[in-house]
């Protein structure tokens, strides 16, 4: 696995070794020892989530204020524009975002540690996203950062109006959002 640093040191792009031939390909999408040894990620993952989205579906920006979740995110079908926003007030990158294209073709995996809001936009006709989490879903602690908050300044590559849930449309701007110490 190759570990690629981003503009926020704790966010990492992981590029697994892919072995392909005329039958298709093989790769390890998760290896606890490799994550710890090569990327310094020593987390226990307790839940896998799988979503399917149509083109222009925008999901997020979600986080849990208690029971914060670290996430290993990958697209297993299609292409997504994946976004993580640092919500740790003590961080020099507080309020900054990292955007990464994840796709079934590039097989990249994004590590998002606890303390970040996360969301993505489906760029292909359909996209399936699979991600591991370090804590369980706790709806009573879930929060939503406004996806288009000018203070965060994410340049979403939208093709028209996004398909967005009512919950996500009611997200709070960074200045009003609960954040982490």
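The values are calculated or read from the model by the stated rules, or taken from the named source; none is laboratory data. For clarity, every value in this text was computed on a predicted model and none was experimentally measured. Every residue, glycine among them, receives a Cβ derived from its backbone with ideal geometry; neighbour counts consider all protein chains shown.
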Practice task
Go through the range 8-25 and give me each residue that's assigned to a loop (DSSP other than H, G, I, E, B) and within 14 Å of residue 111 (Cβ to Cβ).
Solution key: 8, 9, 10, 11, 16
Handout entry: Sole exception among (1) part of a loop (DSSP other than H, G, I, E, B); (2) more than 19 Å from residue 25 (Cβ to Cβ) for residue 81, by number
Key = (1)
Practice task
Take the residues in the range 128-166 that are free of Cβ contacts under 8 Å to residues at least 60 places away in the same chain and either in contact with a helix residue (DSSP H, G or I) (Cβ under 6 Å, 6 or more places away or on another chain) or in a loop (DSSP other than H, G, I, E, B) (or both), then tell me which one is farthest from residue 87 (Cα to Cα).
Solution key: 155
Practice task
Quick one: count up the residues across the range 84-108 that are more than 11 Å from the chain's Cα centre (by Cα) and either within 18 Å of residue 29 (Cα to Cα) or in a loop (DSSP other than H, G, I, E, B) (or both).
Solution key: 15
Practice task
Evaluate the range 98-115: report whether one residue or more is in contact (Cβ under 8 Å) with a residue 60 or more places away in the chain and farther than 19 Å from residue 13 by Cβ.
Solution key: no
Fill in the blank from the handout: Only unsatisfied item for residue 17, checking (1) under 16 Å from the mean Cα position of the chain (by Cα); (2) surrounded by fewer than 19 Cβ atoms within 10 Å (Cβ to Cβ), is (1)
Completion exercise
Note on the range 40-56: residues in contact with a strand residue (DSSP E or B) (Cβ under 9 Å, 6 or more places away or on another chain) and surrounded by fewer than 16 Cβ atoms within 10 Å (Cβ to Cβ) are 40, 46, 47, 48, 49, 50, 51, 52, 54
Problem - Lone unmet requirement of (1) in contact with a strand residue (DSSP E or B) (Cβ under 7 Å, 6 or more places away or on another chain); (2) at pLDDT below 95 for residue 28 - result: (1)
Handout entry: Residue that is surrounded by fewer than 20 Cβ atoms within 10 Å (Cβ to Cβ), closer than 17 Å to residue 116 by Cα and touching a residue at least 12 places away in the same chain (Cβ under 8 Å), where the choices are 66, 59
Key = 66
Exercise for the section: Those residues that are in a loop (DSSP other than H, G, I, E, B), out of contact with any helix residue (DSSP H, G or I) (no Cβ under 7 Å at 6 or more places or on another chain) and closer than 15 Å to residue 141 by Cβ, I need them from the range 56-69; list them, please. Expected result: 68, 69
Practice task
Check the range 26-48 and report whether any residue there is part of a strand (DSSP E or B), over 28 Å from residue 139 (Cβ atoms) and either more than 16 Å from the chain's Cα centre (by Cα) or without any contact (Cβ under 8 Å) to a residue 24 or more places away in the chain (or both).
Solution key: yes
Practice task
Answer yes or no: is there a residue in the range 167-179 that is within 25 Å of residue 39 (Cα to Cα) and in a loop (DSSP other than H, G, I, E, B).
Solution key: no
